[in-house]
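One structure below.
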Amino acid sequence: MILPEQYGSAGFRDIVLVSRTNGDDQGNQFTLINPNHASYLPLHYVLLFPYGEPGWHWGRTLDNREGGHQKKNLSQRTFYRFRLHPRLDEPSTIFQAQRLFQQFVVDAWAVCNQNKLAWIRSHQANIRSDLYHGLADVMESEDIDLTRTGKRVVLPSSYLGGDRFMQQLYQDSIAIVRHFGKPSLFITFTGNPKWVEIERELLPAQTAAERPDLVARVLNLKVRDLLDQIRYKEVFGPWLGWVWTIEYQKRGLPHLHLLVFLRTDHQFLTAGNIDSFISAELPPADDTINQELRGIIDTTMVHTHCIAQNGSALCMQGLDPFIVQTCRKGYPRSFQEETIINEDGYPTYRRRNMGQAYTMSIRRGGADVTALIDNRRVVPYSPYLSLRYRAHINVEVCGPVKAVKYIHKYIYKGRDRATVILESDQNEIKLYLHGRYIGPTEAVWRLFEYSTHGEEPPVMHLQLHLPDQQPIYFSENEDPVILRQRMDSSITTLLAYFKYNSENVDGRGYLYHEFPEHYVYVRKQGWKPRIQRKSIGRMY
């Protein structure tokens, strides 16, 4: 669902009612119902709420079973999460609506997100910032006009999914690389619509595409279990940290991009060690476990998009299938007797020609075509993870540092753009709305407030500025006396760093960016010795 710009008193979701008597309009007596009105849901989705059940509104409260108020204000996302859980005492009309259900969840998240963006947009005029030195010059003047002082911040980095947010995540991930060195593994985990946890909850004649709520909930559980296996079970070795993000596809399932940092030695990048936990071959069906694994690999880890000269495949765009031998992903690969590490940062995995092959029949041009599938088309995988999660889990070894920057940019490249508009307006909220694309699975993921990214250890942002050049945030109606007091008491992580080392000697051996590893910053108080956990500093 593509959501264009929404500004002004009316939007494309607004419902307008006209009063009529005996079929005649009563002048211009229009009633506007916006998405935050309790009557919006039953009026917009008549088939989903045939009895006129009221929707969310600003006065909604969370009541307990005794009728008392458990929570004074019920958030909008909490209300929609309540609606996205089937109950025995309620009809399952919503979950049987197929594409209308998809539209419902997308519209629900769009309304929630729109309210947040509207709040940010309306408060940007009230929050201003300026450098301390420039603000001091203004304070010295006789005519003080704070409405004309400061710089405009439209879409802050705290807004999840914005361009500033994604750039901040990329810089944080590079800070982790600076601390630990290059990552050890790059893992891509894609959801599987045939998971038994999804299929057993589907209603009769339903498919997984018609239940994005199930797909999102099951994938979230699988992702959490995968992270637990890597961190606490140490299936690949001693764990140091990771960075990961969830990516949503327009026509496919959401997937996880994960970079894992392990405590390794010189033997990690050896052929024998890599072959012990990564395979690029079809498993032999010589026992019960291998037979089960073989079925999983055949259905999830074989690159079959471009077989039989399929020029319409995404991996063949711009290529002539009758001239080129491989697609853009490099398949089919060449047979390889041993794993070798290349200079470009990616190993060439072992793909022996042992006769492990099968034929696949597909439709091409209205006719059945038979293609041979062997080890040359197997995507590298971990046998343990594939057997555990029964899904597409691509596991790759990260080579030299020159491959790290590309991988980090890939996982934090941001959302797809639905539209492109060339104009001089630098309104970041407006530009974000113009290019926003929301799919049903992403909408459910965001409504349930599942994590969309993760970093361990956490990265602390350290301010860097010249003397008397620290930012000061203030309201345009700020009292000059109070503003002067705020300026005199302003403190940043850098100023607190200098103050701590001037009063104590235990931290003088650490550089500024190393300080968060040993000390914790308490707002308005300064630095204190760290007792638990660990953090990495990044100057900005």
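Just so it is clear, none of the values below were taken in a lab; they were calculated from the coordinates. Fair warning: this is a prediction, and the values are worked out from it, not measured in the lab. Ideal geometry is used to build each Cβ from the backbone, glycine not excepted, and the neighbour counts take in all protein chains shown.
Put simply, the amide H of M460, placed in the peptide plane, has neighbours under 5 Å in I536, G537, R538, leaving out anything fewer than 5 places away on its chain. Looking at segment 459-539, send over the antiparallel percent of its DSSP beta bridges, to the nearest 5. The answer is about 50 percent antiparallel.
Segment 218-262 and segment 30-109 have Cα centres lying 33 Å from one another. For R364, the residues whose modelled amide H falls within less than 5 Å of its own, excluding neighbours fewer than 5 places apart on the same chain, are V369. In terms of the mean number of neighbouring beta-carbon atoms within 10 Å, the peptides 519-532, 293-306 order highest first as 293-306, 519-532.
State, as an integer percentage, the relative contact order of segment 34-125 based on alpha-carbon contacts under 8 Å between residues 6 or more apart. Could the numbers behind the result be given before it?
Values: 71 pairs, mean separation 17.4, N = 92.
So the answer I get is 19 percent.
For the cross-link pairs K182/K222; K250/K430; K233/K499; K116/K194; K430/K528; K222/K528, which exceed 32 Å when the distance is taken from alpha carbon to alpha carbon? Over 32 Å Cα-Cα: K233/K499; K116/K194; K430/K528; K222/K528.
Packing-based ranking of 180-189, 490-499 yields 180-189, 490-499, ordered from highest to lowest mean Cβ neighbour count within 10 Å. Rounded to the nearest Hz, the phi-derived 3J(HN,Hα) couplings of segment 296-304 under the Karplus curve 6.51 cos²θ - 1.76 cosθ + 1.60 (θ = phi - 60°) are 5, 5, 4, 9, 10, 10, 10, 7, 10, where x marks glycine and proline.
What does the charge count around I296 come to, taking other residues whose C-beta lies under 11 Å from its C-beta (Lys +1, Arg +1, Asp -1, Glu -1)?
Working: positive: K194, R294, R388, R390; negative: E292, D298.
Residues close to I296 contribute a combined charge of +2.
For Y519, the amide hydrogen comes within under 5 Å of the amide hydrogens of R530, counting only partners 5 or more places away or on other chains and with H modelled in the peptide plane.
Each label point was placed 7 Å from the Cα along the Cα-to-Cβ direction; for T264 and K116 their separation is 3.5 nm. Ranked by the mean number of other Cβ atoms within 10 Å of their residues, highest first, the peptides 215-223, 99-107 fall in the order 215-223, 99-107.
Around V378, under 14 Å between beta carbons, what's the net of Lys plus Arg minus Asp minus Glu among the other residues? Mind dumping the intermediate values first?
Values: positive: R294, K329, R333, R350, R351, R352, R376, R377; negative: D275, E281, D298, D374, E396.
Its environment carries a net charge of +3.
Each other residue within a Cβ distance under 14 Å of Y389 adds +1 if Lys or Arg and -1 if Asp or Glu, for a net charge of +2.
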